[in-house]
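Please treat every number below as a calculation from the coordinates, not as lab data. Bear in mind that the values here come from a model prediction, so they are computed numbers and not experimental data. All Cβ positions, glycine included, derive from the backbone under ideal geometry; neighbour counts span all protein chains shown.
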Amino acid sequence: MPIASTLARNEAPLLDSPSLRFILEISIAKTIIGGALLLFLPRYGFSLEATRTLIFLYMAIGQLVFAYPSRRTTISPELNLTLHLAVVFSIGLQLLTVFIPALRQLLGLVALDPRRGADGQRQGLGDFWCL
């Protein structure tokens, strides 16, 4: 049977309305947060390379973590140990891209200074409370 005739008979949409709404909302949220990181991290003393690295980590790890809310439709999902292990393992691999020099160089990332992050957080909180 030709593929075109099979596709023509299946008139059901690929995604239902709640799924499309979820994708749109999550995409907008990640874009806003990523844009805010792009704007504010350099303001708090992060180099452009460190900003790029942090946004890379945010987007990659954020995509992994969004596996959890995407499972929630109309019913509460059952415990899925395989999913939990896959997400934790993948986040660990993602963090290794910053800690292993060869991976860092391959991906164009830079080593992050944890003290710089803490300084930026303190500065950001100080600015927030001054508003």
Note to self: So, Leu39, is that one over 30 Å from Leu15 (Cα atoms) and either outside any helix (DSSP H, G or I) or in contact with a helix residue (DSSP H, G or I) (Cβ under 8 Å, 6 or more places away or on another chain) (or both) or not?
What the structure shows: no
Item checked: From Ala50, Ala60, residue being among the hydrophobic types (A, V, I, L, M, F, W, C) and under 20 Å from Ile23 (Cα atoms) -> Ala60
Item checked: Those residues of segment 42-65 which are of a type in the set (A, V, I, L, M, F, W, C), more than 13 Å from the chain's Cα centre (by Cα) and loosely packed, with under 14 Cβ neighbours inside 10 Å, in sequence order -> Leu48
